[in-house]
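Down below is the structure, laid out as structure tokens.
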Amino acid sequence: MARISVIGTGYLGVTHAACMASLGHDVVALDVDEAKVTSLAAGIVPFHEPGLPELLQESLASGKINFTTSWADLAAQADVHFLCVGTPQSPESPAADLSQIQSAIRSLAPLLTKPCLIVGKSTVPVGTAQWISDYLVANSPAGNDVHLVWNPEFLREGFAVQDTLHPDRIVLGIKNEADVSTLTDIYATALSGDTPLVVTDYATAELVKVAANAFLATKISFINAFAYLADEVGADVSTLADAIGHDTRIGRRFLNAGIGFGGGCLPKDIRALRARATELGLSEHFEFLKNVDEVNKSRRDYVVELAIRNLGSIAGKTIAILGAAFKPDSDDIRDSPALDIALLLAKGGANVRMHDPVALPQVLTRNLPILAIENVEEVFDGADLVLHLTEWKLYRELDPQSISKRVANKVIIDGRNCLDLALWSNAGWQVTYLGKPGSQAAL
């Protein structure tokens, strides 16, 4: 088994470290945040991800994982270093902020005194891997014996453990053929199944992740554009998606119309890709991603417009919002459509009450003009309008008859197009969907 380090203990890093340890590898994970390291060493995961806390605790109990803030310890303990630091959007531009990667490489390089392998997993602009490789060779005592492989991650929040242990593909961007065997040994369990292995160059490996996210974002905005058209002409965008999704060239996944995508990947990745294309003189060829982004953001404004249509004015009205996270099975509120809609409503003078099964602590840390309600039934109290914005199973299983007595008006906008129309209508609710016929008057 390999001696592995993981640099960065955010969402990607903690998941990768715990999964590698569960496979029997000896893992040391580093973060510069001492409080985070202490918490992780106690088995506490600082975010919500199904199955991960249990996996981490098992790995700690087995002694296969430990955490440190020492770069020297990291360099001494491991032969393969996985780079898992964040690449958020720059505060000054749409481009990716590479400061964490640059800092990590500059801290690690002087300590690499023996042959080793650096494995980049962070999502980066094309060309970053080559810079890292050149820097490591020039600034590490081991020089040419320090190799770099680019191995992008493809994690879905809510399924990160499954996606790490049983990925749908493994991509390796390499310069040295011998490094492939090191990674295939580490990923032997996944590769023993039917997981495809793609071996390529740095640039292609870097582009795989951003190309995948750009395609998925485009697919979502495509169906949301048709949702606008469906609303205008009285068509059903869900049936439309079913029909075109039967075409194997298109497929049904990611064709669910609603309030659009969010989170820490798709929005910032398509913006970073456009920024990098512009740097390379290719801006006109990636202009479509600007439209993808604009359609996506417009869905948030559209829900607010629907709220105003229903209420006449939102000022002083009580609006209950179901969901804060950008997707179910996550507490991630980064670029969350649900949270943006809530803030737009609050800015318009509405009294916003919000529930989420796991993301409310994240909401509370931001000190927002939103009342966080822990009990799902209590969020409906006195509501003039209800918005369903995150597709948690809990919300799909609500009893509309039971909660009817709590609201001021039995009116709901289903931003995820998944609530049972017959069930809600029969309980006297007026239901509005996005891009499909709903109950415009209670039955």
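The values are calculated or read from the model by the stated rules, or taken from the named source; none is laboratory data. Please read these numbers as outputs of a predicted model, since none were measured by experiment. Don't worry about glycine lacking a Cβ; one is built from the backbone with ideal geometry, like all the others, and counts go over all protein chains shown.
Filtered by the rule that a residue be farther than 30 Å from V85 by Cβ, of a type in the set (A, V, I, L, M, F, W, C) and loosely packed, with under 13 Cβ neighbours inside 10 Å, the range 230-282 gives V233, A243. Checked against the criteria, G86 does not count as small (G, A, S) and on the phi > 0 side of the Ramachandran plot. Which of the residues spanning the range 104-118 are assigned to a loop (DSSP other than H, G, I, E, B) and either closer than 30 Å to F286 by Cα or of a type in the set (K, R) (or both)? Selection gives K114 alone. The residues on offer are I333, I250, I321, and the sole one that is in contact (Cβ under 8 Å) with a residue 40 or more places away in the chain, outside any helix (DSSP H, G or I) and assigned by TED's automatic domain parsing to the domain that holds L419 is I321.
Among the residues of the range 344-388, the ones that are of a type outside the set (G, A, S) and closer than 11 Å to T318 by Cβ come to 11 in all. Every condition in (1) at pLDDT below 95; (2) hydrophobic (A, V, I, L, M, F, W, C); (3) touching a Leu at 6+ places or on another chain (Cβ under 8 Å) holds for A441 except the one numbered (3). Among the residues of the range 213-267, those identified as over 27 Å from R309 (Cβ atoms) and hydroxyl-bearing (S, T, Y) are T218, T248.
Out of A138, A95, one residue alone is closer than 30 Å to P267 by Cβ and either out of contact with any Lys or Arg (no Cβ under 9 Å at 6 or more places or on another chain) or surrounded by 15 or more Cβ atoms within 10 Å (Cβ to Cβ) (or both). It is A95.
Return yes or no: is K121 under 24 Å from the mean Cα position of the chain (by Cα) and either buried (at least 16 other Cβ atoms within 10 Å of the Cβ) or closer than 21 Å to A78 by Cα (or both)? So K121 fits the description; yes.
Taking the range 137-223 and the strands (runs of 3 or more DSSP E) fully enclosed by it, the elements with 2 or more residues that are over 30 Å from P328 (Cα atoms) and hydrophobic (A, V, I, L, M, F, W, C) are at 146-150, 197-200.
Regarding D269, is this residue closer than 19 Å to R156 by Cα, assigned to a helix (DSSP H, G or I) and out of contact with any Lys or Arg (no Cβ under 7 Å at 6 or more places or on another chain)? Yes; evaluated as a whole, the condition is true for this residue.
Answer with yes or no whether A342 is free of Cβ contacts under 8 Å to residues at least 12 places away in the same chain, in the same structural domain as G234 (by TED's automatic domain parsing) and in a helix (DSSP H, G or I). Let's see the steps before the verdict.
Numbers: free of Cβ contacts under 8 Å to residues at least 12 places away in the same chain: no; in the same structural domain as G234 (by TED's automatic domain parsing): yes; in a helix (DSSP H, G or I): yes.
No, not satisfied.
State all residues of the range 98-118 that are surrounded by 22 or more Cβ atoms within 10 Å (Cβ to Cβ), touching a helix residue (DSSP H, G or I) at 6+ places or on another chain (Cβ under 7 Å) and in contact (Cβ under 8 Å) with a residue 40 or more places away in the chain; if no residue qualifies, say none. Selection gives L108, L117.
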